[in-house]
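Please read the structure below before turning to the comments.
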Amino acid sequence: MKSYRLMYPMRTYLIVSGRGEEANVMAADWVTVVSARPFMVGVAIAPQRHTWKLVKKYGEFVVSVPGLEMLDDVWVAGTKHGPEKLKETSITLVPSKSIETPSIKEALANLECRVVDERDYGDHTWFVGEVVDGSYSETAFPNGRPNLEANFLAHASWVDFVTFEKRIYRPGKANSR
Ligand SMILES: Cc1cc2nc3c(=O)[nH]c(=O)nc-3n(C[C@H](O)[C@H](O)[C@H](O)COP(=O)(O)O)c2cc1C
């Protein structure tokens, strides 16, 4: 077993990079918040990815949040290389608010990032982006909280994806099953 599977299930995201005809999308599980103020996120991208070259070239990326409805497109983005793959998807790229890298219309949220740091760790490069702007679906995030009915996508292993149970659990015996 690959040891990193012990960290799963993980949320799955889409990373948009490049601009114009060069714009590209890949799937990424290895994404996390690294600072709240300023809001910064990190993503591990392997140098073999076309995305890696575009993030290096333009110093920008968008983290898009897909719902379960985007699973087929997530799979294409995560198994094929370069912008040509977008023709096989239903993804609509739309202008972002503050950076040249586009956002994804169908995504539940888009976080527009400018690279502020990068460092190679083993077989991946860890890119840290400051989130300079973004957009989100009011239905997916009513009152600033995620709506579990929006079917946020998570990855269990290779071809197996899951979404979240709708029931909410709170700490304390009164709320346990
Ligand atoms: C669900 C899923 C998650 C992935 N997570 C990552 C990741 O975090 N980092 C990474 O470098 N590649 C990851 N990949 C692999 C890339 O998405 C894949 O190699 C993709 O084809 C790269 O596209 P590109 O060459 O157009 O950039 C993932 C693939 C899948 C299917």
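Determine whether the range 91-102 contains at least one residue that is touching a residue at least 40 places away in the same chain (Cβ under 8 Å), loosely packed, with under 12 Cβ neighbours inside 10 Å and either within 24 Å of Tyr58 (Cα to Cα) or in contact with a helix residue (DSSP H, G or I) (Cβ under 8 Å, 6 or more places away or on another chain) (or both). Full working, then the answer.
Residues of the range 91-102 that are touching a residue at least 40 places away in the same chain (Cβ under 8 Å), as a first pass: 91, 93, 100-102.
Then drop every residue that is not loosely packed, with under 12 Cβ neighbours inside 10 Å, which leaves none.
Scanning the range 91-102, I find no residue that is touching a residue at least 40 places away in the same chain (Cβ under 8 Å), loosely packed, with under 12 Cβ neighbours inside 10 Å and either within 24 Å of Tyr58 (Cα to Cα) or in contact with a helix residue (DSSP H, G or I) (Cβ under 8 Å, 6 or more places away or on another chain) (or both), so the answer is no.
What pairs come out if I take residues in the range 115-130 that are touching a residue at least 40 places away in the same chain (Cβ under 8 Å) and pair them with residues that are away from the ligand (no atom under 15 Å from the Cβ) and among the acidic types (Asp, Glu) whose C-beta lies under 9 Å away, six or more apart or interchain?
Every condition considered, the pairs that remain are Val115/Glu130; Val116/Glu130; Trp126/Asp117; Phe127/Asp117; Val128/Asp117; Gly129/Glu112; Gly129/Asp117.
Just to be sure before I move on: is Ala44 near the ligand (Cβ under 10 Å from one of its atoms) and farther than 17 Å from Val76 by Cα in the structure I sent?
Numbers: near the ligand (Cβ under 10 Å from one of its atoms): yes; farther than 17 Å from Val76 by Cα: yes.
Answer is yes for this residue.
Could you tell me whether any residue of the range 51-58 is over 25 Å from Pro95 (Cβ atoms), at pLDDT 95 or above and of a type in the set (Lys, Arg)?
Our first condition is that a residue be over 25 Å from Pro95 (Cβ atoms); within the range 51-58, this holds for none.
No, because not a single residue in the range 51-58 is over 25 Å from Pro95 (Cβ atoms), at pLDDT 95 or above and of a type in the set (Lys, Arg).
When you scan the range 137-146, do you find a residue that is surrounded by 14 or more Cβ atoms within 10 Å (Cβ to Cβ) and more than 17 Å from Arg11 (Cα to Cα), even just one?
Taking the range 137-146 as the starting set, the residues that turn out to be surrounded by 14 or more Cβ atoms within 10 Å (Cβ to Cβ) are 137, 140-141, 146.
With the extra rule that they be more than 17 Å from Arg11 (Cα to Cα), the set shrinks to 137.
The answer is yes, given that some residue of the range 137-146 is surrounded by 14 or more Cβ atoms within 10 Å (Cβ to Cβ) and more than 17 Å from Arg11 (Cα to Cα).
Find the residue count for the range 6-24, including only residues that are more than 7 Å from the ligand (Cβ to nearest atom) and within 18 Å of Met70 (Cβ to Cβ). Reasoning before the result, please.
Narrowing the range 6-24 to residues more than 7 Å from the ligand (Cβ to nearest atom): 6-11, 13-23.
Among the residues that remain, those that are also within 18 Å of Met70 (Cβ to Cβ) are: 9-11, 13-17, 23.
Residues meeting the conditions: 9.
Could you say which residue among Phe161, Phe127 is among the aromatic types (Phe, Trp, Tyr), under 14 Å from the mean Cα position of the chain (by Cα) and part of a strand (DSSP E or B)?
Numbers: Phe161 fails: under 14 Å from the mean Cα position of the chain (by Cα).
Only one candidate qualifies: Phe127.
Cβ-Cβ distance below 7 Å, separation of 6 or more or different chains: which pairs start in the range 6-20 with a residue that is touching a residue at least 12 places away in the same chain (Cβ under 8 Å) and under 19 Å from Arg49 (Cβ atoms) and end on one that is among the basic types (Lys, Arg) and more than 8 Å from the ligand (Cβ to nearest atom)?
So the pair list comes out empty.
Can you tell me which residues in the range 151-167 are aromatic (Phe, Trp, Tyr), near the ligand (Cβ under 10 Å from one of its atoms) and closer than 17 Å to Val31 by Cβ?
The first filter runs over the range 151-167 and keeps only residues aromatic (Phe, Trp, Tyr), leaving 152, 158, 161, 164.
Then drop every residue that is not near the ligand (Cβ under 10 Å from one of its atoms), which leaves 158, 161.
Across the range 151-167, the qualifying residue is only Phe161.
Restricting to the range 38-82, name every residue that is more than 21 Å from Asp160 (Cβ to Cβ), crowded, with 17+ Cβ neighbours inside 10 Å and in contact with a helix residue (DSSP H, G or I) (Cβ under 6 Å, 6 or more places away or on another chain).
Correct list: Ile45, Phe61.
Which count do you get for residues in the range 29-40 that are without any contact (Cβ under 8 Å) to a residue 40 or more places away in the chain and either closer than 20 Å to Ser96 by Cα or of a type in the set (A, V, I, L, M) (or both)?
The initial filter retains those residues of the range 29-40 that are without any contact (Cβ under 8 Å) to a residue 40 or more places away in the chain, namely 31-33, 35-37.
Remaining after also requiring either closer than 20 Å to Ser96 by Cα or of a type in the set (A, V, I, L, M) (or both): 31, 33, 36.
Final tally of qualifying residues: 3.
How about the range 47-86: which of its residues are touching a Cys at 6+ places or on another chain (Cβ under 7 Å) and within 12 Å of the ligand (Cβ to nearest atom)?
Result: Phe61, Val63.
Under 9 Å by Cβ, and 6 or more places apart or on different chains, what pairs join a residue from the range 135-154 that is in a helix (DSSP H, G or I) with one that is of a type in the set (Lys, Arg)?
Listed pairs, sorted by first residue: Leu148/Lys166; Leu148/Arg167; Glu149/Lys166.
The values are calculated or read from the model by the stated rules, or taken from the named source; none is laboratory data. Note that the structure is predicted; figures quoted are calculated from it, not measured. All Cβ positions, even for glycine, are placed from backbone atoms using ideal geometry, and neighbour counts span all protein chains on display.
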